[in-house]
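To start, the structure under review is shown below, and the notes come after it.
The values are calculated or read from the model by the stated rules, or taken from the named source; none is laboratory data. Here the structure is a predicted model, which means the values were calculated and not measured. FYI the Cβ positions are ideal-geometry reconstructions off the backbone, even for glycines, and counts take in every protein chain you see.
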Amino acid sequence: MATQETDIREGVDRETVETVQNMGSYKYGWETEIEMEYAPKGISEEIVRLISKKNDEPEWMLEWRLQAYHRWVEMKEPDWALLDLPKIDYQDLYYYARPKSMVEKPKSLDEVDPKLLATYEKLGIPLKEQMILAGVEGAENINLEERQVAVDAVFDSVSVGTTFKEKLAEAGVIFCSISEAIKDHPELVKKYLGSVVPQTDNYFATLNSACFSDGSFVYVPPGTRCPMELSTYFRINAENTGQFERTLIVCDKGAYVSYLEGCTAPKRDTAQLHAAVVEIVILEDAEVKYSTVQNWFPGDEEGKGGIYNFVTKRADCREPRAKVMWTQVETGSAITWKYPSCILRGDDTSGEFYSIAIANNYQQADTGTKMVHLGKNTRSRIVSKGISAGQAQNTYRGLVSMHPRAKNSRNYTQCDSLLIGDKCGAHTVPYIEVKNNSSRVEHEATTSKVDDDQLFYCRARGVGEEEAVALVVNGFCRDVLQALPMEFAMEAQSLVAISLEGSVG
Amino acid sequence: MLEIKNLHVKLEDEDKVILKGMNLTVETGKVHAIMGPNGSGKSTMSYVLSGRDGYEVTEGSATLQGQELLDLDPEARAAAGLFLAFQYPVEIPGVGNMTFLRTALNAQRKVRGEDELSAGEFLKLVREKAKALKIDAEMLKRPVNVGFSGGEKKRNEILQMAMLEPKMCILDETDSGLDVDAMRLVSDGVNALRSPDRSFLVITHYQRLLDHIKPDVVHIMADGRILQTGGPELALEVEKNGYADILAAHGLTEAK
Ligand SMILES: Nc1ncnc2c1ncn2[C@@H]1O[C@H](COP(=O)(O)OP(=O)(O)O)[C@@H](O)[C@H]1O
Ligand SMILES: [Mg+2]
């Protein structure tokens, strides 16, 4: 690749050149220098109590956490994923880290530590109540729109602030950090927390239930169309620290909300753990769109460092005609273990899952979805695009289950893998269970290599090799990119290009 | 403009030699035509000039405006002003035709140190050029060449050429598979681009294209080299008598 052969001219210090080169293409690898307060390293009953105390929680919440903790100590890490999992020492990391300036909770965004505000500004997520310019790149779509997006910003273990709270409150929408929701809306949290992902669902979700420190909470009241997109931006900054956030979204009867999630972390040699839980409850006739652009630090070209991302995301279409759509663009993390799922419990409910997973260098991704059809006439659709480059391994793992009651239900799955180079791997692991005879499941899968003729055609028109790969790969992902809200589509396209840098030549 | 000297090319993975001492000079502002039986190496020559992988140049050189082409990446050759209208245009699923054109145009402008065209400017330009080729908005939105008819693919190549405004245009059998109307559109598109500082190399089997795009010079190619060069009358002669006599004069036979 061309950039590897940078001439080192006389007078230019070699170290500087190498440092710049090693910065690689990960744009968010810088660190905010800020005074932090940590809980002691490791996890124990005391630490769980401490986290609960830091968040000023009621007794019932602490009890809930402790139940999870006691279960977790008896559990084992899952080993069924196609991942080469390094040993994680759960006692050698911090479970709670917050900026000292956040000890006294700022009452409004104006009071937030300027260093934190500057951090989000630099990440391109200004914590201001302003319009953002959104649009999709490409000549056929040049209508840029001014839109408002509310942001909850989570920095290590705490939520720094949430924008547009008042405006949303006027519409009856609650959007705040989960720690606030536990105090201010205990009836809602008690009713729904753990109702989609039970406390002890799996190893990582159970750990999260014990020690989650913050996250976002959304409640959209009956018949309400949320007046703007909501988003949470997760930033891991502190070293040797895990981030355990919990998100709970409740969309009441006939309501609608679109929610976006973004995440980044500094570039470090040592890996860091991220174990999140997202629960979505969707009631009768309501609809939720949940989009993620996951761009955690992927580790360097040799596979050093990066985020280990173990996430449990599940939506429960609890009542008739509820709808959910998951869209994810997974480009970051050294390890991704993530299966956003749909429980199609109500009759006539529907679930969709659109995914782009890119693994380059030494990244490992084992990701997919579960569509659990419980109600009658339920529909699900899965479109997965996996791209592997470098030495990476990329697995699609998906379950489609039609229960006996789920009569006349349908699933369509399309699962395409693209290989760049010949040292990477793509794997497709579909599990299909049909327990009634009126339902239908369709599964299509393809695996292909980036086509040399396509690349040559682009290059013969003047497009450089890396841009040609990005163009062809973006084309391959188009069905999924189109499912993203405008706010994310442009960012996702350029991220596809960036995460494939160095994959050819 | 284009100067090919004693070019010898073999396939990289096989011992097959395809170009065997090819010589050709296309002067600035001129239109040259190459005719020749199938398998002569016409497409191979255009691929080698554009920088496609899979060939090994064992001898010779090719320069564009004095610059050696064979050392450059394909994209650098394009930026230097070389354009190949493919005999078989490639399909790129999911990539909108306009996105493709805009990416290509801006990539070339960037190399030349020019500003990228804004979305608005680009749109205006592409609509204007597309209209002349009877390419509608729908076709501009569709993925590159996917589901295009043969004629649509060829017109799309000419659209790209019109947008990129290259110095040296090679057209590889752009006329094959075209009906009379499409042939006229394509030739009009090419003729509109003719200018004193732009050259063309038109590869074709048929005189009928040359009725529309009048060549200055006609070459007959077979067995990896140019056998004979003449004026437009040479094409007419081939049209009438075939290649047999020319081949025989060089000790070759039609079947080869
Ligand atoms: N990639 C290839 N593999 C094998 N044979 C090839 C390849 N490319 C060209 N050839 C052979 O080289 C000769 C010249 O082909 P080509 O350049 O396509 O001729 P033309 O365009 O004049 O019809 C033919 O015999 C063809 O079969
Ligand atoms: Mg040919």
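Given the criterion out of contact with any strand residue (DSSP E or B) (no Cβ under 6 Å at 6 or more places or on another chain) and closer than 21 Å to A:Leu82 by Cα, identify the matching residue among A:Gly462, A:Gly502, A:Gly421, A:Gly475.
A:Gly421
Any idea which residue in the stretch B:150-168 is surrounded by the fewest Cβ atoms within 10 Å (Cβ to Cβ), counting only those that are under 15 Å from B:Arg198 (Cα atoms), in contact with a strand residue (DSSP E or B) (Cβ under 8 Å, 6 or more places away or on another chain) and more than 11 Å from chain A (Cβ to nearest Cβ)?
My answer is B:Lys167.
For the stretch B:13-38, give me each residue that is under 21 Å from B:Pro89 (Cβ atoms) and within 11 Å of ligand 1 (Cβ to nearest atom).
The answer is B:Ile34, B:Asn38.
How about the stretch B:37-63: which of its residues are on the phi > 0 side of the Ramachandran plot, within 16 Å of ligand 2 (Cβ to nearest atom) and touching a strand residue (DSSP E or B) at 6+ places or on another chain (Cβ under 6 Å)?
Within the stretch B:37-63, B:Gly41 is the sole residue that qualifies.
Can you tell me which residue within the stretch A:477-505, out of those that are within 12 Å of chain B (Cβ to nearest Cβ) and of a type in the set (S, T, N, Q), is surrounded by the fewest Cβ atoms within 10 Å (Cβ to Cβ)?
A:Gln482
For the stretch A:444-476, give me each residue that is facing chain B (nearest Cβ under 7 Å) and assigned to a loop (DSSP other than H, G, I, E, B).
A:Arg461, A:Gly462, A:Val463, A:Gly464
Does B:Ser50 satisfy being under 28 Å from B:Thr253 (Cα atoms) and either within 16 Å of ligand 1 (Cβ to nearest atom) or charged (D, E, K, R) (or both)?
no
Quick check, is B:Lys129 surrounded by fewer than 17 Cβ atoms within 10 Å (Cβ to Cβ) and more than 8 Å from chain A (Cβ to nearest Cβ)? Let's see the steps before the verdict.
Details: surrounded by fewer than 17 Cβ atoms within 10 Å (Cβ to Cβ): no; more than 8 Å from chain A (Cβ to nearest Cβ): yes.
Judged against the criteria, B:Lys129 is not a match.
For the stretch A:206-262, which positions are without any contact (Cβ under 8 Å) to a residue 40 or more places away in the chain and either in contact with a Pro (Cβ under 9 Å, 6 or more places away or on another chain) or under 16 Å from A:Ala276 (Cα atoms) (or both)?
Within the stretch A:206-262, A:Glu239, A:Asp252, A:Gly254, A:Ala255, A:Glu261 qualify.
Taking strands (runs of 3 or more DSSP E) that fall entirely within the stretch A:292-361, which contain at least 1 residues that are over 18 Å from A:Leu85 (Cα atoms), of a type in the set (A, V, I, L, M, F, W, C) and touching a residue at least 12 places away in the same chain (Cβ under 8 Å)?
The strands (runs of 3 or more DSSP E) meeting that bar are A:306-317, A:323-330, A:341-344, A:350-359.
When the residues of the stretch B:1-23 are narrowed to those that are within 16 Å of ligand 2 (Cβ to nearest atom) and touching a residue at least 24 places away in the same chain (Cβ under 8 Å), which ends up nearest to B:Ser195 (Cα to Cα)?
First, pick out the residues of the stretch B:1-23 that are within 16 Å of ligand 2 (Cβ to nearest atom): B:9, B:11, B:16, B:18-19, B:22.
From what's left, touching a residue at least 24 places away in the same chain (Cβ under 8 Å): B:9, B:11, B:18-19, B:22.
Working: B:Val9: 31, B:Leu11: 36, B:Ile18: 32, B:Leu19: 30, B:Met22: 26 Å.
Among those residues, the one meeting the criterion is B:Met22.
Which residue, of B:Val26, B:Val31, is of a type in the set (A, V, I, L, M, F, W, C), out of contact with any Pro (no Cβ under 7 Å at 6 or more places or on another chain) and more than 16 Å from ligand 2 (Cβ to nearest atom)? Even if it seems obvious, please write down each step before you answer.
Details: B:Val31 fails: out of contact with any Pro (no Cβ under 7 Å at 6 or more places or on another chain).
None of the others qualify; the one that does is B:Val26.
Go through (1) assigned to a loop (DSSP other than H, G, I, E, B); (2) closer than 19 Å to B:Leu7 by Cβ; (3) among the aliphatic types (A, V, I, L, M); (4) within 16 Å of ligand 1 (Cβ to nearest atom) one by one and return the number of the condition B:Leu72 breaks.
(4)
With respect to A:Ala238, is the statement that it is touching a Ser or Thr at 6+ places or on another chain (Cβ under 9 Å) and closer than 24 Å to A:Tyr94 by Cβ true?
Answer is yes for this residue.
Would a scan of the stretch B:101-115 turn up a residue that is in contact with a Ser or Thr (Cβ under 9 Å, 6 or more places away or on another chain), within 12 Å of chain A (Cβ to nearest Cβ) and farther than 27 Å from B:Ala33 by Cα?
No, because not a single residue in the stretch B:101-115 is in contact with a Ser or Thr (Cβ under 9 Å, 6 or more places away or on another chain), within 12 Å of chain A (Cβ to nearest Cβ) and farther than 27 Å from B:Ala33 by Cα.
State which residue pairs qualify: first residue more than 14 Å from chain A (Cβ to nearest Cβ) and inside the stretch B:27-52, second residue more than 8 Å from ligand 1 (Cβ to nearest atom) and in a helix (DSSP H, G or I) in any location, beta carbons under 7 Å apart, and separation of 6 or more residues or different chains.
These pairs meet every condition: B:Ala33/B:Leu210; B:Ala33/B:Ala235; B:Met35/B:Ala235; B:Met35/B:Val238.
Just the residues that are within 8 Å of chain A (Cβ to nearest Cβ), more than 16 Å from B:Gly147 (Cβ to Cβ) and part of a strand (DSSP E or B), please, taken from the stretch B:84-100.
Listed by number, the list holds a single entry, B:Leu84.
Among residues belonging to the stretch B:196-210 that are more than 16 Å from ligand 1 (Cβ to nearest atom) and at pLDDT below 90, point out the one that is farthest from B:Ala33 (Cα to Cα).
Applying the filter and picking the extreme gives B:Arg208.
Across the stretch B:195-226, what is the number of residues that are charged (D, E, K, R), touching a residue at least 60 places away in the same chain (Cβ under 8 Å) and within 30 Å of B:His250 (Cβ to Cβ)? Explain how you work it out, then say what you get.
Here is the first cut: in the stretch B:195-226, the residues charged (D, E, K, R) are B:197-198, B:208, B:211, B:214, B:216, B:223, B:225.
Within this subset, residues satisfying the condition of being touching a residue at least 60 places away in the same chain (Cβ under 8 Å) are B:197-198, B:214, B:216, B:223, B:225.
Among the residues that remain, those that are also within 30 Å of B:His250 (Cβ to Cβ) are: B:214, B:216, B:223, B:225.
Residues that pass the stated criteria total 4.
Name every residue in the stretch B:172-194 that is within 16 Å of ligand 1 (Cβ to nearest atom) and without any contact (Cβ under 8 Å) to a residue 60 or more places away in the chain, in order of residue number.
Residues satisfying the conditions are B:Asp175, B:Gly177.
Within the stretch B:116-126, restricting attention to residues that are over 20 Å from B:Gly81 (Cβ atoms) and more than 10 Å from chain A (Cβ to nearest Cβ), which residue is modelled with the lowest pLDDT?
Looking at residues that are over 20 Å from B:Gly81 (Cβ atoms) and more than 10 Å from chain A (Cβ to nearest Cβ), I get B:Glu121.
Touching a residue at least 24 places away in the same chain (Cβ under 8 Å), of a type outside the set (Gly, Ala, Ser) and surrounded by 13 or more Cβ atoms within 10 Å (Cβ to Cβ): which single residue out of A:Glu57, A:Glu35, A:Glu121 fits that description?
A:Glu57 is the lone residue from the list that is touching a residue at least 24 places away in the same chain (Cβ under 8 Å), of a type outside the set (Gly, Ala, Ser) and surrounded by 13 or more Cβ atoms within 10 Å (Cβ to Cβ).
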